[in-house]
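Asks: One structure, pasted below without further comment.
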Amino acid sequence: MIEQVKSFLANLGFSCQEKELSLSEVQPLPKELYVRERIDMQWVENLKEYILEGALQPFIVCARVEGLQGMHLIDTHHTYFALKAAGKTNAKALVVQEKIPIEKIIIVQLRLNKSEQKPLTLKERKQAVLKHYINIKNKLGKDFYRRRGQIIQDIMQETGFSHTYIYKILEDTLQKEKEDLKQLVKELYSQGKSQHEIENILGIPQPTISRWLNENNLQEIIHFSTAVEHFSAGRIFT
């Protein structure tokens with residue numbers, strides 16, 4: 001199994017090294033970056049019994065993750081807790097040599113998921129994809145929307161999930177983003193940005209921007225307000 005994990009990591013562009021590590025040197029991933037809803041304590045208990053019986057040669061997989069302090073598990077969380085429950089203080093570890101970008105940590109876990117012989121549930125897999133998407137969004141900030149189409153394509157390629165499946169997972173999020181984008185377009189237009197400038201900033205086609213602005217006759221309202229301001233200014237100077 002350890003060779004299979006090495007192969008998965010190599011396919012993702014990461015090299016790794018086998019070494020003995022103290023369990024105190026390693027910590028689990030924060031909940032927002034972990035692909036499972038929770039640790040299955042019954043599964044931990046099962047693994048502990050296998051370890052104590054000598055029927056399992058356990059190992060953990062860990063790395064340094066961008067934005068986090070110290071060494072973190074990037075898989076094998078159940079094995080880690082089973083080793084501690086069995087009274088072990090050290091473990092055989094597969095340590096990734098490169099620091100893993102935080103926006104890749106979900107993808108790495110999805111690819112390594114089978115190393116504990118405990119597949120993710122359908123719900124966990126969907127939540128993992130959504131977490132990955134949100135992590136990228138948070139990191140890119142304003143640049144996210146301009147690159148969103150390519151980001152979704154990359155997620156499909158990295159996970160191996162189909163176009164239909166990814167869009168089904170992201171359906172509610174994309175709908176909310178559409179409403180957020182409409183509001184952002186209107187705010188930028190109200191600030192004096194032209195439609196072409198907004199297109200460059202957000203990556204939204206100009207015809208779509210025009211349609212959104214016309215939904216509430218926003219262009220007419222802004223033009224009317226501007227005309228009133230000019231008229232008022234003219235009266236003052238007159």
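Asks: With everything on Cα atoms, drop me the angle between helix 2-11 and the longest principal axis of the chain, reported from 0 to 90° to the nearest 10.
Replies: Its long axis makes an angle of about 20 degrees.
Asks: Sticking with this one: Quick one: net charge of I102's neighbours, Cβ under 9 Å, K/R +1, D/E -1?
Replies: With Lys, Arg at +1 and Asp, Glu at -1, the net is 0.
Asks: Quick one: net charge of R38's neighbours, Cβ under 11 Å, K/R +1, D/E -1?
Replies: Every neighbour counted, the sum reads -1.
Asks: Residue by residue through the stretch 124-133, what is 3J(HN,Hα) from phi via Karplus (6.51 cos²θ - 1.76 cosθ + 1.60, θ = phi - 60°)? Round to whole Hz and write x for glycine and proline.
Replies: Result, rounded to whole Hz: 5, 5, 5, 5, 5, 4, 5, 4, 4, 4.
Asks: Pull up the cross-link candidates among the lysines for K19, meaning alpha carbon to alpha carbon under 29 Å and not fewer than 8 places away within one chain.
Replies: Reachable lysines: K6, K31, K48, K84, K88, K92, K99, K104, K114, K118.
Asks: For the chain, what's the relative contact order in percent, using C-alpha pairs closer than 8 Å and at least 6 residues apart?
Replies: 18 percent
Asks: Please arrange E124, E49 by accessible surface area, largest first, computed with a 1.4 Å probe and ligands excluded.
Replies: Ranked from most to least accessible, the order is E49, E124.
Asks: Another question, if that's okay. Excluding K92 itself, what net charge comes from residues whose Cβ is under 9 Å from its Cβ, given Lys and Arg +1 and Asp and Glu -1?
Replies: Overall, the nearby charge balance is -1.
Asks: Ok, one more. Please list, ordered by chain and number, the residues whose modelled amide H lies under 5 Å from the amide H of L29; skip anything fewer than 5 residues away on the same chain.
Replies: Amide H neighbours of L29: L73.
Asks: Take the solvent-accessible surface of the protein heavy atoms, probe 1.4 Å, and return the percent of it on the chain that carbon and sulfur atoms account for.
Replies: So the carbon and sulfur contribution to the accessible surface is 51 percent.
Asks: Same structure again: Quick one: how many lysine pairs does the stretch 157-201 have with C-alpha atoms less than 20 Å apart and a gap of 8 or more or different chains? Give me the count, please.
Replies: Close lysine pairs under the 20 Å cut-off: 6.
Asks: Tell me, what is the Rg over Rh of the stretch 1-110, with Rh the Kirkwood radius over Cα pairs?
Replies: My calculation puts Rg/Rh at 0.94.
Asks: Rounded to the nearest 20 debye, what is the charge dipole size of the stretch 42-136 about its Cα centre when +1 sits on each Lys and Arg Cβ and -1 on each Asp and Glu Cβ?
Replies: 180 debye
Asks: Right, here's the next one. With both partners inside the chain, how many of the DSSP beta bridges are antiparallel, as a percent to the nearest 5?
Replies: Percent antiparallel among DSSP bridges in the chain is about 65.
Asks: Take the stretch 115-211, drop everything but the C-alpha atoms, weight them equally and run the Debye formula without solvent; then report log10 I(q)/I(0) at 0.11, 0.21, 0.22, 0.25 Å⁻¹ to two decimals.
Replies: -0.40, -1.10, -1.17, -1.36
Asks: Sticking with this structure for a sec: Mind checking the angle between helix 41-53 and the chain's longest principal axis? C-alpha axes, 0 to 90 degrees, to the nearest 10.
Replies: So the inclination is approximately 30 degrees.
Asks: Residue-wise, which Karplus ³J(HN,Hα) couplings in Hz belong to the stretch 137-151, taking 6.51 cos²θ - 1.76 cosθ + 1.60, θ = phi - 60°, and x for glycine or proline?
Replies: Coupling constants for the stretch 137-151: 4, 5, 6, 7, x, 5, 6, 4, 5, 5, 10, 4, x, 5, 4 Hz.
Asks: Only Lys, Arg, Asp and Glu count, each charged at its Cβ (+1, +1, -1, -1), so figure out the dipole size of the chain about its Cα centre, rounded to 20 debye.
Replies: Around 0 debye, computed over the chain.
Asks: State the extension gain, in nm to one decimal, for the chain segment bounded by S162 and Q69, taking 0.36 nm per residue of separation less the distance between their alpha-carbons.
Replies: Length gained, S162 through Q69: 30.0 nm.
Asks: Another question, if that's okay. Leaving ligands, DNA and RNA out of it, rank E215, E20 by accessible area with a 1.4 Å probe, largest first.
Replies: E20, E215
Asks: Right, something else. Going by alpha carbons, how many degrees (0 to 90, nearest 10) lie between the helix axis of 206-215 and the longest principal axis of the chain?
Replies: It works out to around 70 degrees.
Asks: If you average 1/r over all unlike Cα pairs in the chain and invert the result, what Kirkwood radius do you get in angstrom?
Replies: 21.1 Å
Asks: Considering only protein heavy atoms, what per residue accessible area in square angstrom results for the stretch 20-70 with a 1.4 angstrom probe?
Replies: So the stretch 20-70 comes to 59 Å² accessible per residue, rounded to a whole number.
Asks: Sticking with this structure for a sec: Amide H of V65 versus every other amide H placed in the peptide plane: which residues, excluding those fewer than 5 positions away on the same chain, fall under 5 Å?
Replies: Answer set, sorted by chain and number: H72, I100.
The values are calculated or read from the model by the stated rules, or taken from the named source; none is laboratory data. Not measured: the values here are computed from a predicted model. Backbone-built Cβ (ideal geometry, glycine too); neighbour counts: all protein chains shown. Each accessible area value is taken on the protein alone, full model and side chains, heavy atoms only, with ligands, DNA and RNA left out. Shrake-Rupley method; radii C 1.70, N 1.55, O 1.52, S 1.80 Å.
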